[in-house]
Structure formats: C-alpha cells, structure tokens
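Report on the following structure.
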Amino acid sequence: MSIEFKLFTVFFAFMFLTCILFIMFGQLTVRKLRKNPETKHQLGIEFTSGWDILNVAQALAIPKSWSKKMEKSPISFLNADCEAIEKHTNKLDKLLAKIFTLFFLGTGVSLLAMLSYDLLKG
C-alpha cells in the first residue's frame with residue numbers, strides 16, 4: 001500500500017466525519033434557529049440547500065472581532081448575524097460549531113494539498 005493511498009484513506013475518514021458533523025449541527029442547532037422567528041431571517045444568504053448551516057457555524061466559530069469587521073462590509077448580507085445567533089444558542093451548539101468548522105476547513109485544506117501534490121508529482 002502506498003503512502004498516497006494511506007493519506008487518502010485518512011483524509012476520506014475525516015471527510016466522512018465532517019459530513020456527519022454537518023448533519024448533526026444542522027439538525028441540532030440550525031433547525032432550532034430556523035424555527036425561531038427572531039433568527040429566521042438572520043442566517044445569511046442560502047446559495048444552495050444547507051448553506052445557512054455553514055453561515056451559522058462560521059458565525060459561532062470565528063472570533064467576534066472578525067464578525068464585526070464582516071458586518072461593516074458592503075456584502076454583510078451574505079453572513080449570519082453572530083449576535084442574534086449567539087443569543088439563541090447554548091454552549092453545546094457553540095462547541096459543535098467550532099469542531100465542525102475546524103473539521104470542514106481542515107478537510108478542505110488537506111484535500112487541496114493532496115490535489116496539489118498529485119498535480120506537481122505528475
């Protein structure tokens with residue numbers, strides 16, 4: 001078994017875990033926020049189905065100073081309102097958002113690194 005296959009297997013396992021976390025976070029947190037009339041329209045733009053899950057996870061996972069900067073930008077309507085969301089979530093939701101965001105970004109970066117390696121290797 002080659003090292004590339006072993007790395008791909010590890011990355012694929014992380015990707016599978018990321019998919020499970022995506023579904024868990026959507027069912028536990030975002031579904032609750034969608035039903036709440038105060039937060040229903042503050043989840044950001046949904047380009048495709050489930051995009052608001054990524055918006056909410058990002059709003060709960062990144063530092064508040066970054067969220068404040070994004071709220072002042074002209075394209076702030078794309079992002080979820082972090083203050084309204086934080087008011088209606090608990091510690092478990094915030095922890096799950098941070099874990100999901102870490103796995104989501106880590107999986108994306110690792111797959112891009114693996115693709116770059118494959119392209120450079122020839």
**Request:** May I ask you to verify whether Leu28 is part of a helix (DSSP H, G or I), under 15 Å from Ile99 (Cβ atoms) and touching a residue at least 24 places away in the same chain (Cβ under 8 Å)?
**Result:** yes
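Take segment 1-13 and flag every residue that is exposed (fewer than 14 other Cβ atoms within 10 Å of the Cβ) and in contact (Cβ under 8 Å) with a residue 12 or more places away in the chain.
Initially, segment 1-13 is screened for residues exposed (fewer than 14 other Cβ atoms within 10 Å of the Cβ), giving 1-6, 9-10, 12-13.
Across segment 1-13, the qualifying residue is only Glu4.
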Asn55 meets each of (1) farther than 16 Å from Ile20 by Cα; (2) out of contact with any Gly (no Cβ under 7 Å at 6 or more places or on another chain) with one exception, condition (2)
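Listed here are the residues, each with its yes/no results for (1) under 21 Å from Thr107 (Cβ atoms); (2) modelled with pLDDT of 80 or more; (3) aromatic (Phe, Trp, Tyr).
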{"site": "Phe22", "(1), (2), (3)": "yes, yes, yes"}
{"site": "Phe25", "(1), (2), (3)": "yes, yes, yes"}
{"site": "Leu28", "(1), (2), (3)": "yes, yes, no"}
{"site": "Arg31", "(1), (2), (3)": "no, yes, no"}
{"site": "Thr48", "(1), (2), (3)": "yes, no, no"}
{"site": "Ala57", "(1), (2), (3)": "yes, yes, no"}
{"site": "Leu60", "(1), (2), (3)": "yes, yes, no"}
{"site": "Ala84", "(1), (2), (3)": "no, yes, no"}
{"site": "Thr89", "(1), (2), (3)": "no, yes, no"}
The helices (runs of 4 or more DSSP H) lying wholly within segment 40-122 that contain at least 3 residues that are β-branched (Val, Ile, Thr) and buried (at least 16 other Cβ atoms within 10 Å of the Cβ) are 91-121
Filter segment 1-25 for residues that are polar (S, T, N, Q) and part of a helix (DSSP H, G or I); the one that is nearest to Trp51 (Cα to Cα) is Thr18
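The values are calculated or read from the model by the stated rules, or taken from the named source; none is laboratory data. Predicted, not measured: the structure shown is a model, and the values here were computed from it. Don't worry about glycine lacking a Cβ; one is built from the backbone with ideal geometry, like all the others, and counts go over all protein chains shown.
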